[in-house]
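The values are calculated or read from the model by the stated rules, or taken from the named source; none is laboratory data. The structure presented is a predicted model; accordingly, all values stated were derived computationally and were not measured. Cβ sites come from the backbone with ideal geometry, for glycine too, and all protein chains shown count toward neighbours. Note: accessible area is taken over every heavy atom of the protein model, side chains too, but ligands, DNA and RNA are not part of it. Shrake-Rupley method; radii C 1.70, N 1.55, O 1.52, S 1.80 Å.
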Amino acid sequence: MSNISNYVIPTMVLVVVLYGIRNKTNVYDVFVEGSKESFGMILNLFPSLLAMIFGVNILIKSGIVESTLNILKPIVEIFKIPLEVIPLAIMRPISGSSALVILNNIFSTMGPDSLAARLGSIIQGSTDTTLYVLTLYFGCIGIKKIRYAMWAGLLGDLLGIISSIIIVKIFF
């Protein structure tokens, strides 16, 4: 089975090349032209991505996450939610990579079958990187005013987190 996965992408590339040859398309020229177009798109996206990465690093390095944990600790203890999951819930809408690192840390320290690991996994699957998506997609097409998209996305993330907590309480 692992050998099949090694051949999927090369097979897809071969199919595209053969399709281009069949339709008498100069595949190499079309590839080069697409590469040129993607370079322009990368230049358009770079400022938005740089701003997002800069903001995430400021948030992490400033200690706001730790301060927020100290404020939320009494509330979290009332609902018997593992405190280790709160940084994941905070970082998930901002950065998927940071959230995965936090989840991996939960797996390493508490074990993959722990309540925190199960809750973290469900949160990871039921929420999205809202701010990243808005930065990338809206920045790509040049939308400056995001209006209600951010609030709708963050509300969806909050509902995903609340639903995850309820599901874990019911099943685990």
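Out of curiosity, is E84 open to solvent by 40 Å² or more (accessible area, probe 1.4 Å), free of Cβ contacts under 8 Å to residues at least 24 places away in the same chain and among the charged types (D, E, K, R)? Judged against the criteria, E84 is not a match.
The residues listed here are E84, E37; of these, the one that is closer than 20 Å to F138 by Cβ, of a type outside the set (S, T, Y), modelled with pLDDT of 80 or more and in a helix (DSSP H, G or I) is E37. Among the residues making up the stretch 111-126, those that are within 30 Å of L49 (Cβ to Cβ) and open to solvent by 10 Å² or more (accessible area, probe 1.4 Å) are S121, I122, Q124, G125, S126. Collect the residues in the stretch 138-172 that are more than 22 Å from I122 (Cα to Cα), part of a loop (DSSP other than H, G, I, E, B) and either open to solvent by 50 Å² or more (accessible area, probe 1.4 Å) or hydrophobic (A, V, I, L, M, F, W, C) (or both), keeping them in residue-number order. Selection gives I143, K144, K145, I146, R147, Y148.
When V56 is tested against (1) modelled with pLDDT of 85 or more; (2) open to solvent by less than 20 Å² (accessible area, probe 1.4 Å); (3) within 16 Å of the chain's Cα centre (by Cα), exactly one condition is not met: (1). When you check S97 against the structure, is it farther than 20 Å from L50 by Cα and either under 12 Å from the mean Cα position of the chain (by Cα) or part of a helix (DSSP H, G or I) (or both), yes or no? No: the conditions fail for S97. Is there a residue in the stretch 117-125 that is more than 13 Å from the chain's Cα centre (by Cα) and in a loop (DSSP other than H, G, I, E, B)? Looking through the stretch 117-125, none of the residues is more than 13 Å from the chain's Cα centre (by Cα) and in a loop (DSSP other than H, G, I, E, B).
Criterion first (of a type in the set (K, R), more than 25 Å from the chain's Cα centre (by Cα) and at pLDDT 80 or above) does K61 satisfy it? In short, no. Output yes when any residue across the stretch 71-80 is open to solvent by 40 Å² or more (accessible area, probe 1.4 Å) and of a type in the set (K, R), and no when none is. Within the stretch 71-80, one or more residues are open to solvent by 40 Å² or more (accessible area, probe 1.4 Å) and of a type in the set (K, R).
Among the residues in the stretch 29-44, are any without any contact (Cβ under 8 Å) to a residue 40 or more places away in the chain, closer than 25 Å to D128 by Cβ and under 27 Å from the mean Cα position of the chain (by Cα)? Yes, some residue in the stretch 29-44 is without any contact (Cβ under 8 Å) to a residue 40 or more places away in the chain, closer than 25 Å to D128 by Cβ and under 27 Å from the mean Cα position of the chain (by Cα).
Listed by first and then second residue, the pairs linking a residue in the stretch 122-148 that is small (G, A, S) to a residue that is surrounded by 19 or more Cβ atoms within 10 Å (Cβ to Cβ), with Cβ atoms under 6 Å apart and 6 or more places separating them unless they lie on different chains, are S126/G160; S126/S164.
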